Amino acid sequence: MHEFDQTATIGATVPTGFELTAAEEVQEKLDATARVSKNRGRIYFDITTDKLAKVHHLKSLDNLFVVVKEYDNYQFKATKEEVQLDWQELAAMLPWTNALEVWKLNNSIRKKKGRRKRANPTKSDQCGNVSTKCTDAVPSDPEELWVDLEALEVKENQRDVSPQPENDSEEEKLSEIQDQESGVIPLKFRVTCNRAGDKHCFTSNDAARDFGGAVQEFFQWKADMTKFDVEVLLNIHNNEVVIGIALTVESLHRRNITHFGPTTLRSTLAYGMLRLCKPQVSDVIVDPMCGTGAIPLEGAMEWQNSFFLAGDNNDTAVSRSVNNIKHILKRTHDEGRSPGLPLDIVQWDLCNLPMRSSSVDIIITDMPFGKRMGSRKKNWELYPSCLREMARVCKPGTGKAVLLTQDKKCFSKALLQMGALWQKSHTVWVNVGGLHAGVFVLKRTAVAFGTTSEDVTEPHTAAES
């Protein structure tokens, strides 16, 4: 494939609520200005294709696609039949050439990446590595609809599922794509439609079926639901329509964690929380409820001039965190990068931390929601005790806390009780597995611990919580 340098518009899905945080990272690392979509959870930015490989290393982005065409105010017809004709005409009018060139370049980047991994085979490459198919992959949503249109099959709203079978290697997949590009056999494709808005006379399934049929007729590609080479995306939000071609097979958030727990946080969401902290050189950053270690791992890999200390009261969680750290250390060693992470894991009681008072710069954690972990009843005791102990170890006047919870009522009450020690800066509302949760950014007041009525109570042991 010849080298070329052109401008492309890249779209990316990001954790809902962290669109601006992702835009900041794009500006910082790619020197590109990102714009936030009207539909929450997406950003768009223009880059030259020589920066395409760097896009895959951004920590805020889940899935990537190259934009074929954007319509800010697409005028949909009044009847389904008229809309169907529009979809058929649209496929032949779209400027596919540049987007497909970017797609081909992206495949060559994936192949180079695969070669580097095969040069240093590890156990994690066989199961758990973010770029390989593993039996632990997240299954597709059982409520997703499958539609047959003669030979055309179109699937709606499938996310984070590697389309290739488990016995197909990345090399075989890309070799097959190269054969298809050279004209030996036709490319295989599918259309994925995501639609939002209640003023449409059609469903997502209708749009995907009709547009997919038009794409098949225009390119003479073969439709395939599972072993597709090209995934055409049709994103509709009210009158905003974006047509794109997917550049990722599975979400980029599947990069660090190989040992999962019941409530493991997505790496992209963990990174967004860390950026809210703005870690500085020599900062001591603590995650007192680390679970499988998603937050401290993400932080230690990105901010290596800070020191991360994490712990949990559950020995199984601590063991999973340790195994995840070992996986990262082995991966960095195999890739020839500098070994070591500024991170340590401890088993402790989060309401009686074995740390000096006023010794921590930043506290960041995913608190129990009271659903899959703990209970709402226990949270009424746990949250005030947690905030009290966090205030003790956090530096007065300069310390910060970034706390994620879906139990907003309980947290607000606990924060009110600790009002002399913590001051709320702002809240970022996010979607965590379909739950509406809040990331609360707190600032430690200048009041010394032990001088207010809030901190005289003996800390409650959290072992049973």
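Brief remarks follow.
- By accessible area with a 1.4 Å probe, ligands and nucleic acids excluded, highest first: order of Lys77, Lys111: Lys77, Lys111
- Interchain or long-range residues, amide H under 5 Å from Thr16's placed H: Asn431
- Lysine-lysine proximity count for region 267-457, Cα under 16 Å, sequence distance 8 or more or distinct chains: 19
- Interchain or long-range residues, amide H under 5 Å from Ala223's placed H: Phe189
- Stretching Arg337 away from Lys227 to a fully extended chain increases their span by 36.2 nm, per 0.36 nm per residue minus the current alpha-carbon distance.
- Gain upon complete extension [Asp46, Gln220; 0.36 nm per residue less C-alpha separation]: 59.7 nm
- Net length available on complete extension from Glu82 to Trp429 is 121.0 nm, with 0.36 nm assigned per residue and the Cα-Cα distance removed.
- Within-12-Å neighbourhood charge of Ile43 [Cβ basis; K, R +1; D, E -1]: -1
- Each residue, Asn305 and Val281, gets one label point 7 Å from its Cα in the Cβ direction; the gap between the two is 0.4 nm.
- Ordering of 412-420, 314-322, 99-107 by packing [mean C-beta count within 10 Å, highest first]: 99-107, 314-322, 412-420
- Between Tyr74 and Asp198, the C-beta separation translates, for a Förster distance of 25 Å, into a calculated FRET efficiency of about 0.95.
- Net charge contributed by nearby residues that have their C-beta within less than 13 Å of Thr33 (K/R +1, D/E -1): -3
- If R0 is taken as 30 Å, the Cβ-Cβ distance between Glu28 and Asp344 corresponds to a FRET efficiency of 0.60.
- Modelled FRET efficiency - R0 22 Å, Leu94 with Lys38, Cβ distances, 0.05 increments: 0.60
- Long-range amide H partners of Asn194 with built H, under 5 Å: Leu234, Asn235, Ile236
- Listed peptides 16-27, 422-433, 340-351 by packing density, highest first (mean Cβ within 10 Å): 16-27, 340-351, 422-433
The values are calculated or read from the model by the stated rules, or taken from the named source; none is laboratory data. Just so you know, these numbers come straight off a predicted model, no measurement behind them. Please note: Cβ atoms are built from the backbone with ideal geometry, for glycine as well, and neighbour counts cover all protein chains shown. Areas reflect the complete protein model, heavy atoms only, side chains present, ligands, DNA and RNA absent. Shrake-Rupley method; radii C 1.70, N 1.55, O 1.52, S 1.80 Å.
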